[in-house]
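The values are calculated or read from the model by the stated rules, or taken from the named source; none is laboratory data. Computed from a prediction, not measured in an experiment: that's the story for all the values here. Glycine gets a Cβ as well: all are built from the backbone with ideal geometry, and neighbour counts include every protein chain shown.
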Amino acid sequence: MLGEPIEVQDLLVTAVNSAGEEVEIVKRIGFSLAAGEVLALIGESGSGKTTIALSLLGYARRGCRISGGSVRLGATEVLKLPAKELRDLRGHRVAYIAQSAAASFNPAKTLMEQVIEAALIHKVMSREEAEAKAVGLFRELALPDPDSIGARYPHQVSGGQLQRLMAAMALITDPALVILDEPTTALDVTTQIEVLRAFKRVVRERGTTAIYVSHDLAVVAQMADRVLVLNGGEIQEQGEIDQILEHPAHPYTRSLLEAARPDQKLSPPPTTPGAELLRIDDLQVGYGARDADGVPAKVVLDHIQLNLARGRALGVIGESGSGKSTLARAVAGLIGPSRGAVQFDRRELTPTLKGRTPDQFRRIQMVFQSADNALNPSHSIERILTRPLDTYFELDGRERKRRVAELMDLVKLPQALLKRRPGELSGGQKQRVNLARALAAKPDLLLCDEVTSALDTVVGAAILELLVELRRELGVSYLFISHDISTVRALCDEVMVLFQGRCVEQGPCREVIQNPQHSYTQRLIGSVPELRRGWLESRPSFTDSLEALA
Amino acid sequence: MRNPILRLLLGRLASGVLTLLIVSLVIFAITSLLPGDAAQQILGQFATPEQVAALRTQLGLDQPALLRYFNWLIGLVSGDLGQSVSNALPVSTLMAGRLPNSLILAGVTTAVSVPIALALGIISAMRRGGAIDRVLNVFTLSMVAVPEFLVATIAVLIFAVHLGWLPALSYVSSVENIGDFMRIYAMPVLTLCCVLIAQMARMTRAALIDQLDSPYIEMAQLKGVGPLRRVLRHALPNSLGPIANAVALSLSYLLGGVIIVETIFNYPGIASLMVDAVANRDLALVQACAMLFCSAYLVLVIAADLCAILSNPRLRT
């Protein structure tokens, strides 16, 4: 089946809010797309991009309703189809690739069964034909062991492979329209580049019409012909990709573009290195039973050596599973190392929390990735901030109030929020409270674990700006853990690259990023998509596997 | 693939045996603490202390508790459950007379309740929030809330007293054909089913809804998979673990917990045997019954765990 044109008019999706009122979450959206074209829906969380993508399948999530408008695919009016015909359309003429492949595969069924299911229930082909076609797709998508990978279960393959398997699942019936909903957001950059390449090839070769939903303009620049910029369920701007990238007309588009390049605007404040604050010698951390030499069954980090001076910021960069969060947990005392020592302010830290002095507790504070999990949802912001003050300092009521107000000023939050609970705050505000809570202890060292990763680009950029400012004003040191090179470049003086638990490169931030020495660092930096068309094609394809670099 | 499962099963069995051992100790300790003893009970209030002491010696009650425990345990392992003092019969003979009745009642109740409960749970999960779901919800909730003696009494009032269709008492020995069987078992099974179906249906619904909210079900829907196939082929395999556990918990109740039903219908099952034994301070019988209930419970829980493991490829391989 070749691609078909799609035309959307006045699409209106409503949801019932907590007060029981019906609110519009997609407000009369319209666009049209010729056969074989790729349209990107871009916007932040809450912009309605996934809701729009799903309504192209005639589907609305629980609590939502498609209340009006039309979606015309070829000659079919999708929104007027009865349930039975809608089922025939889904997974046959229109296919969907979801953001989290790990959650979208049924854990109890083999991959092959799930990949060919749509072809079987729509009676497009026999089981044998479908399996043969699936194996062909696996090969086309550069999956390892294409002949036998289908017999495995979802938990037996990696995230990048699952994402490609989902593409195979979508393409098995040769759909006329493919909807890709943030298909690479959950992947590491080095995996993302290969998956993007595979997606682009299979979509282009088949002439399939595609909708690509993303918050990442750099990724969209590689995939799309046209872009539709959304905010709050409304279209801000739509046009050809080149026009959007080069001459954005709408201020919102410009702010998105700006946030996509944080490192060009921000830079770490100039500091002179002070006395040594944190020193790690030959650290080894792992899980599981230890053998006769004290080496754990699964070593997560090994031979880690680092030195952090007062007032400086060290970025720790690496992919999921590289051990970067474990490093922060070892410094914080949440997991005891199996070898090596951690010195803080020239004094040895005990491996776990037991035995650390209250002052050491106070001086090392951790900021977790998800403020939603770190803040107690039933406490007011004031109570959350007062708690560490009561733990570490003896303040009378007035001083405490003054200090809380000061902290709110520090993270640029209005005092009016003090009486609210975390659930009533936006994601960015919550992350600011999370920071203020750590700063309440007047720490010398902040362990930041992916603090901007869960946030939208614009919000994340603002938090990053705040972190730079706090460094300048308070002189606090950071151990800043991130998978995102541009945020590290914007904040840190030095960087350490972790790969499979080992440090492969360490040095001044600018130097390492501009002139990476280790082949893994080169690949990591080279895989970060750039905001220009043709970047994907210009990258060499890495034929050697990541494991070969170890 | 067989090896890890076998190892897991052996591990579970070993921990089951250990649990039983601990349970035996607890049971023995508790029964020893019961006020009064068998000698006093047998001889009645007017026995002289000398008579009681003599009988105690004869029954071995004057030996140290630890020694009695080990003797009992050794007997248990070698299949000798001891002598019932109040009936002057071997415990095994007494239990053998009652156990088949209990097993038949449990078996029939299981065969009736499990399919109905699963069907109700699946239907209400599929129609979540709809009229059928709400009706079923009210129905199951009230069934859980109503005590079974009330259900049993009302059933007797309606079917035995007013309509006269069914006998009020279950004379198991009078079963001669399938019609008798149905008439005698109808009310006890109905009473037990009321509570069990409600519990299992609610757990099934909860376990299924938990899965129906997951992204892979949405994905299946977006592939064009119909509602029935979504539930039966996609969600059900993933909720088998919790459902099997809920079923096991409910069924374990069928051996020991049915005393009220047995009493009301005068059904000669093993639960009423145990209650009589407690009243008579017949320690050997109490201990044997308690061990039986615990073993049955452990077997059911292990079976449920096995179900959960076999249905989950993560645990299976």
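For (1) loosely packed, with under 15 Cβ neighbours inside 10 Å; (2) more than 25 Å from the chain's Cα centre (by Cα); (3) aliphatic (A, V, I, L, M); (4) farther than 17 Å from B:Leu254 by Cβ, each residue gets a yes or a no:
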position	(1), (2), (3), (4)
B:Leu118	no, no, yes, no
B:Ala125	no, yes, yes, yes
B:Thr140	no, no, no, yes
B:Glu148	no, no, no, no
B:Val156	no, no, yes, yes
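For segment B:226-235, a tally of residues being in contact with a Leu (Cβ under 9 Å, 6 or more places away or on another chain) and more than 9 Å from chain A (Cβ to nearest Cβ) returns 2.
Checking the condition of a type in the set (A, V, I, L, M) and over 20 Å from B:Asn101 (Cα atoms), which residue from B:Ala168, B:Ala201 passes?
B:Ala201
Note on segment A:276-334: residues that are within 25 Å of the chain's Cα centre (by Cα) and not in a strand (DSSP E or B) amount to 16. Among the residues of segment A:19-41, those that are over 28 Å from the mean Cα position of the chain (by Cα) and outside any strand (DSSP E or B) comprise A:Ala19, A:Gly20, A:Glu21, A:Ala34, A:Ala35, A:Gly36. Are any of the residues in segment A:390-412 part of a loop (DSSP other than H, G, I, E, B) and under 26 Å from the mean Cα position of the chain (by Cα)? Yes - at least one qualifying residue is present in segment A:390-412.
Yes or no, residue by residue, for (1) more than 14 Å from every other protein chain (Cβ to nearest Cβ); (2) over 23 Å from B:Gln199 (Cβ atoms):
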position: B:Leu255; (1), (2): yes, no
position: B:Val261; (1), (2): yes, no
position: B:Ile264; (1), (2): yes, no
position: B:Ala271; (1), (2): yes, no
position: B:Ala284; (1), (2): yes, yes
position: B:Cys289; (1), (2): yes, yes
position: B:Ala303; (1), (2): yes, no
position: B:Leu306; (1), (2): yes, no
position: B:Pro313; (1), (2): no, yes
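Residue-by-condition table, conditions (1) in a helix (DSSP H, G or I); (2) assigned by TED's automatic domain parsing to the domain that holds A:Val295; (3) at pLDDT 90 or above:
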position: A:Gln365; (1), (2), (3): no, yes, yes
position: A:Gln369; (1), (2), (3): no, yes, no
position: A:Pro377; (1), (2), (3): no, yes, yes
position: A:Ile384; (1), (2), (3): yes, yes, yes
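Given the structure, is A:Gln500 more than 23 Å from the chain's Cα centre (by Cα), assigned by TED's automatic domain parsing to the domain that holds A:Ile317 and not β-branched (Val, Ile, Thr)? For A:Gln500, the condition - more than 23 Å from the chain's Cα centre (by Cα), assigned by TED's automatic domain parsing to the domain that holds A:Ile317 and not β-branched (Val, Ile, Thr) - is not met. Applying the set (1) modelled with pLDDT of 90 or more; (2) farther than 21 Å from A:Gly427 by Cα to A:Ile42 leaves exactly one unmet item: (2). Among the residues making up segment A:54-78, those that are more than 11 Å from every other protein chain (Cβ to nearest Cβ), touching a residue at least 12 places away in the same chain (Cβ under 8 Å) and farther than 26 Å from A:Glu21 by Cβ are A:Arg72, A:Leu73, A:Gly74, A:Thr76, A:Val78.
If we keep just the residues of segment A:82-105 that are under 19 Å from B:Pro215 (Cβ atoms), at the interface with chain B (Cβ under 7 Å from one of its Cβ atoms) and under 31 Å from the mean Cα position of the chain (by Cα), which is surrounded by the fewest Cβ atoms within 10 Å (Cβ to Cβ)? Looking at residues that are under 19 Å from B:Pro215 (Cβ atoms), at the interface with chain B (Cβ under 7 Å from one of its Cβ atoms) and under 31 Å from the mean Cα position of the chain (by Cα), I get A:Ala103. Condition check: in contact with a Cys (Cβ under 8 Å, 6 or more places away or on another chain) and either within 9 Å of chain B (Cβ to nearest Cβ) or of a type outside the set (Phe, Trp, Tyr) (or both). Does A:Ile25 satisfy that? Answer is yes for this residue. Within segment A:249-271, the only residue that satisfies the criterion of being assigned to a loop (DSSP other than H, G, I, E, B) and without any contact (Cβ under 8 Å) to a residue 12 or more places away in the chain is A:Pro270. Look at segment B:205-219: where a residue is within 8 Å of another protein chain (Cβ to nearest Cβ) and a partner is surrounded by fewer than 20 Cβ atoms within 10 Å (Cβ to Cβ) and not β-branched (Val, Ile, Thr), sitting 6+ places away or on another chain with Cβ atoms under 7 Å, you get B:Ser214/A:Ala103; B:Pro215/A:Ser100; B:Pro215/A:Ala103; B:Tyr216/A:Ala103. Among the candidates A:Met166, A:Met125, the residue that is at pLDDT 90 or above and in a helix (DSSP H, G or I) is uniquely A:Met166.
Might you check whether a residue that is farther than 28 Å from A:Ser214 by Cβ, touching a residue at least 40 places away in the same chain (Cβ under 8 Å), in contact with a Gly (Cβ under 8 Å, 6 or more places away or on another chain) and among the β-branched types (Val, Ile, Thr) occurs anywhere in segment A:455-466? No: zero hits. Would you point out the residue of segment B:200-231, among those that are surrounded by fewer than 20 Cβ atoms within 10 Å (Cβ to Cβ) and under 28 Å from the mean Cα position of the chain (by Cα), that is farthest from A:Val124 (Cα to Cα)? If we take residues in segment B:200-231 being surrounded by fewer than 20 Cβ atoms within 10 Å (Cβ to Cβ) and under 28 Å from the mean Cα position of the chain (by Cα), then B:Ala206 is farthest from A:Val124 (Cα to Cα).
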